[in-house]
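Visitor: One structure, pasted below without further comment.
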Amino acid sequence: MKKSFFVSTPIYYPSGKLHIGHTYTTTLADIMARYKKENGYDVFFLTGSDEHGQKIEQKAAEAGVTPQSYVDTIVSSFKDLWKILEIDYDRFIRTTDKDHVAAVQKLFSNLLAQDLIYPSKYKGKYCISCEEFLTAEQMDEGFIHKVCQKEAIDFEEETYMLRVSNFKKYLTELFETNFLEPEARKKEMLNNFINNNLEDLSVTRVSFDWGIQVLENPKHVIYVWLDALSNYITALGWGSEDNSKLKQFWIEGEVLQYVGKEITRFHAIYWPVMLQALGLKAPDKLVSHGWILSKDTKMSKSLGNVIDPVEIIETYGADALRFYIANNLPTEKDGNFTNDLFIESFNTNLANNVGNLISRVSNMIIKYFDGLLPSVEIEQHPLIKSGEQTIKDYQKYMDQYNISEAVQSVLKLGNECNKFIEDVKPWALEKAGQISKLNEVLAILQRNITIIIYLLKPILVKSFEKMFNQMGLTSNTVNFETLKAKKFNYQKISSKEVLFERIK
Ligand code: MSP
C-alpha cells in the first residue's frame, strides 16, 4: 500500500497582500510535498486563507466594503502568487467555504456536548492585529504586544471557554515526544504556558459579527483561532459524510505542519487539545520556523517593512526565489532577505556552481564526443562514491524536514565536481590524446550532475526539465530507484541553453 503524507501551511489572513514571510512557509511545504511524491507517497498539501475575525471586519469597514467582498479580492491575489511561485497545493481552503463553516459548527457542538466548552465570562488583554489574548509576558510597557507593536485592548465579554486546563497531563506527555521543533520552542511553550499557568481559552465573541455563528447561542461567533485551526481537518472532510481523506492522510498518514514561531502556542497547545478532544492524534511533526527579519525586526505587514515576492519572481523567476528560501533560510533560526544576499546566493550557487557545471560538461560532451559518451566503467571512482553518499545525506536531511542541509549537501557535490574539472583538466586530456580517460572523466561528471539535478527537482521546478535535457535525459526517466539502480538512459545532447545567467 502507498504511504500517505499530509503537509500544511498556516492559513493566512487576507488583511493585505502576502509578503516574503508567507512565501517562505508555503515554499517549504511545497518542497516537502514534491519530495514525498518523488518517494512514492500519496500527498495532500493544504494551504488557504483565514477570513473571519475582528481585524478583517475592521479592515473591510475602513475600505467601505462588506467583509466577504474585501476578502474575495485579497484571496484571489493569494492564489495568483501561489500560481507564479509554482505552489502545487491539493486544496486551498477558505474559512468561508460552506463545508468548513458547517464542520466548525459541528466541532463546536461536539465539544460543548462533551462539556469541554462551557459558558462563562472572560476579562483580559487582547491584540486585534494578532487575534490573540495576551499574557503579561507578551506585552511591553503600555500594553504593547511585543510581536506586532500594537496596543492591546481591554477585553471583557460573556464568552464560551475551552477547558484547556483539563489537558495538562496530555500536553506534558506530548511534549516529552519530538513532535515540536526546534527544541528551544518546546522549552518556551513548557515554561511560559504548560508548566506556568495553563488557562482555559475564550473561544467565542459577542462584540462583532464576522465569524461562524454558534448554533446553540447565535449571538456568539466562534473565536477566529478555533475556526482557523479546524481547517486542517475540515479540509480532509472531518464532520462531513466522507471522511476517507481524513482517515488516509491524518489518521493513517504522516502529518507535517509548518508554522512561524509567533503562532506556535496555538499550534502546539490549543490545536493538540482540540484534536485530543475529538479523538485524533496530534501532528507527527510541527516545525516552527524563525522569522525573516528586516533590519533586526520581523518583516510584517503591520510594521510596513515587507518585500513583495511578486516583484522578486517577476525579476528573477520562481526558481530563484524557491532556491533562496530552501538554501538560505534554515528553519531553526531567524533569517535575512535582502536584494544583495539574494543576488549573491543566486550567483554563487545557481550561476557559478550548478549552472556553470552543467554548461561546461554538456559543452565538452558535445565538443569531444558529439553529444553522446560511449559507456565506460566508472563505479569505483571516489567521485561516484561521493554522489552515492550525497543521495543518502540528502534523503536523511529531507526525511528530517531539514531542507537547507539537504540542499547544502547537493551544492557540496557540485563544488566537488567543479574542482574535479579544474584538477583533471579534460581539455588537456583531449590535447594529449587520452580519449578513454576523457570519456571516463565526463561520464563521472554526467552521472553526478544527473544526481544534482534530480535532488534539486522539488526546488527548481521550472528549470529541472531543461537541466535534464542539457544532460541528455528526459526527466521522467530519473527517480530515486533508477538513481540507486544506476540506470541511466542518456541520449545525444544538443541543447546549449544558458541556465541561471549571472545577475549583474
Ligand atoms: N491566520 C493566522 C494563522 C492561522 S493557521 C490556523 C495567521 N496568519 S498570518 O497571515 O498572520 O500569517 C502568519 C504566518 O505567516 C506565520 O506563521 C508564518 O508562517 C508567516 N510569516 C509572516 N511573517 C513572517 C516573517 N517575517 N518571517 C517568516 N514567516 C512569517 O497568523
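Visitor: Would you mind classifying region 338-485 by shape? Square roots of the alpha carbon gyration tensor eigenvalues, ordered a ≥ b ≥ c; an a/c under 1.5 is rounded, otherwise it is prolate if a/b is larger than b/c and oblate if not.
Guide: prolate
Visitor: Right, next: Counting heavy atoms of the protein chains only and a 1.4 Å probe, report the per residue accessible area for the chain as a whole number of Å².
Guide: Per-residue accessible area for the chain comes out at 42 Å².
Visitor: Probe radius 1.4 Å, ligands and nucleic acids ignored: give me the carbon and sulfur share of the accessible area of region 4-289 as a rounded percent.
Guide: Result for region 4-289: 48 percent of the exposed heavy-atom area is carbon or sulfur.
Visitor: Given H placed 1.01 Å from N in the peptide plane, which residues other than close sequence neighbours of Asn305 have an amide H under 5 Å from its amide H?
Guide: Long-range HN contacts for Asn305: Ser300.
Visitor: Suppose R0 equals 60 Å; then what is the FRET efficiency for Glu311 and Gln434 from their Cβ-Cβ distance, rounded to the nearest 0.05?
Guide: 0.75
Visitor: So which trypsin sites (Lys or Arg not before Pro) in region 180-236 end up in coil per DSSP with only 14 or fewer other C-beta atoms within 10 Å?
Guide: Answer by residue number: Lys219.
Visitor: Work through the residues other than Met398 whose Cβ is under 14 Å from its Cβ and net out their charges, Lys, Arg +1 and Asp, Glu -1.
Guide: Combined, the nearby Lys, Arg, Asp and Glu give +1.
Visitor: Same structure again: List the Cys residues of the chain that have no partner Cys with a C-beta closer than 4.7 Å.
Guide: Cys148, Cys417
Visitor: Would you mind working out the magnitude of the charge dipole of region 142-187 relative to its Cα centre, with +1 at each Lys and Arg C-beta and -1 at each Asp and Glu C-beta, to the nearest 20 Debye?
Guide: 300
Visitor: Follow-up. Quick query: amide H of Phe143 versus all other amide H atoms, modeled in the peptide plane; which residues come in under 5 Å with a sequence gap of 5 or more or a different chain?
Guide: For Phe143, whose amide H was placed from the backbone, there are no distant partners under 5 Å.
Visitor: Right, another one. Cα-Cα pairs above 14 Å in region 369-448: how many percent?
Guide: 65
Visitor: Still on this structure: What is the distance, in nm, between label points placed 7 Å from the Cα along the Cα-to-Cβ direction at Ala485 and at Lys466?
Guide: The two pseudo-label positions are separated by 3.1 nm.
Visitor: Report the FRET efficiency, 1/(1 + (r/R0)^6), for Asn178 and Lys385, where r is their Cβ-Cβ distance and R0 is 25 Å, rounded to 0.05.
Guide: Working from the Cβ atoms, E equals 0.20.
Visitor: Now for a separate question. Where nothing but the Cβ of Lys and Arg (+1) and of Asp and Glu (-1) is charged, how large is the charge dipole of region 4-289 around its Cα centre, in debye to the nearest 20?
Guide: For region 4-289, the charge dipole is close to 260 debye.
Visitor: When the scattering of the chain is computed by the Debye formula from its Cα atoms alone, each counted once and equally, what is log10 I(q)/I(0) at q = 0.07, 0.12 Å⁻¹?
Guide: The calculated log intensity ratios at q = 0.07, 0.12 Å⁻¹ are -0.44, -1.07.
Visitor: Take the Cβ-Cβ distance between Thr474 and Asn195 as r, set R0 to 45 Å, and report the resulting FRET efficiency rounded to the nearest 0.05.
Guide: So the FRET efficiency works out to roughly 0.20.
Visitor: What list of ³J(HN,Hα) values in whole Hz, one per residue of region 206-217 in order, does the Karplus curve 6.51 cos²θ - 1.76 cosθ + 1.60 (θ = phi - 60°) give from phi, with Gly and Pro shown as x?
Guide: In residue order, the calculated couplings are 10, 9, 8, 10, 6, x, 7, 5, 7, 4, 6, 7 Hz.
Visitor: If I model a spin label at Met1 and Gln400 as a point 7 Å from the Cα along the Cα→Cβ vector, what separation in nanometres do I get?
Guide: Result for the modelled spin labels: 3.0 nm.
Visitor: Using θ = phi - 60° and the Karplus curve 6.51 cos²θ - 1.76 cosθ + 1.60, what whole-Hz ³J(HN,Hα) does each residue of region 399-415 get, with Gly and Pro shown as x?
Guide: Listing the rounded values in order: 5, 9, 6, 9, 5, 5, 5, 4, 5, 4, 5, 6, 5, 4, 5, x, 5 Hz.
Visitor: What ranking, highest mean first, results for peptides 295-303, 365-373 when packing means the other Cβ atoms within 10 Å averaged over each residue?
Guide: Ranking, from highest mean packing down: 365-373, 295-303.
Visitor: While we're here: Where nothing but the Cβ of Lys and Arg (+1) and of Asp and Glu (-1) is charged, how large is the charge dipole of the chain around its Cα centre, in debye to the nearest 20?
Guide: Its charge dipole is roughly 1440 debye.
Visitor: How much length is gained on full extension from Lys146 to Lys106, taking 0.36 nm per residue of separation minus their Cα-Cα distance?
Guide: So the extension gain works out to 10.9 nm.
Visitor: Excluding Asp209 itself, what net charge comes from residues whose Cβ is under 13 Å from its Cβ, given Lys and Arg +1 and Asp and Glu -1?
Guide: Taking every Cβ under 13 Å from that of Asp209, the sum is +1.
Visitor: Kindly write out, for region 86-93 in residue order, the coupling ³J(HN,Hα) from the Karplus curve 6.51 cos²θ - 1.76 cosθ + 1.60 (θ = phi - 60°), rounded to whole Hz, with x marking Gly and Pro.
Guide: 6, 7, 9, 7, 8, 8, 10, 8
Visitor: Looking at Pro330, Leu275, Ile153, which one has the Cα that reaches farthest to the positive end of the dipole of the chain (charges on Cβ: Lys, Arg +1; Asp, Glu -1)?
Guide: Pro330
Visitor: Over region 411-470, with every protein chain in place, what whole percent of the accessible area is carbon and sulfur at 1.4 Å, could you tell me?
Guide: Carbon-and-sulfur percentage of accessible area, whole number: 52.
Visitor: If each residue of separation counts as 0.36 nm, what is the full-extension length gain between Ala113 and Glu377 once their alpha-carbon separation is subtracted?
Guide: Gain on extension, Ala113 to Glu377, equals 88.0 nm.
Visitor: Using label points projected 7 Å from each Cα along Cα→Cβ, tell me how many nm separate Glu188 and Lys37, to one decimal.
Guide: Rounded to a tenth, the inter-label distance reads 3.3 nm.
Visitor: Give the distance, in whole Å, between the Cα centre of region 227-276 and the Cα centre of region 289-362.
Guide: 30
Visitor: Quick one: length gained pulling Glu501 to Asp423 fully straight, 0.36 nm per residue minus the C-alpha distance?
Guide: Roughly 25.6 nm would be gained on extension.
Visitor: What net charge is computed for the residues neighbouring Asn243, neighbours being all others with C-beta under 13 Å from the C-beta of Asn243, Lys and Arg scored +1, Asp and Glu -1?
Guide: -1
Visitor: What shape does region 370-416 have by the C-alpha gyration tensor, where a ≥ b ≥ c are the square roots of the eigenvalues, rounded means a/c under 1.5, and otherwise prolate means a/b greater than b/c and oblate the rest?
Guide: Verdict is prolate for region 370-416.
Visitor: Holding the Cα-Cα limit at 26 Å, pick out from Lys437/Lys496; Lys106/Lys219; Lys333/Lys466 the pairs that are longer than that.
Guide: Among Lys437/Lys496; Lys106/Lys219; Lys333/Lys466, the Cα-Cα distance tops 26 Å for Lys333/Lys466.
Visitor: Write out the GluC sites (Glu not before Pro) in region 164-205 meeting two conditions: DSSP loop, and at most 16 other Cβ atoms within 10 Å of their Cβ.
Guide: Glu176, Glu199
The values are calculated or read from the model by the stated rules, or taken from the named source; none is laboratory data. Fair warning: this is a prediction, and the values are worked out from it, not measured in the lab. FYI the Cβ positions are ideal-geometry reconstructions off the backbone, even for glycines, and counts take in every protein chain you see. All accessible areas refer to the heavy atoms of the entire protein, side chains included, with ligands and DNA or RNA removed. Shrake-Rupley method; radii C 1.70, N 1.55, O 1.52, S 1.80 Å.
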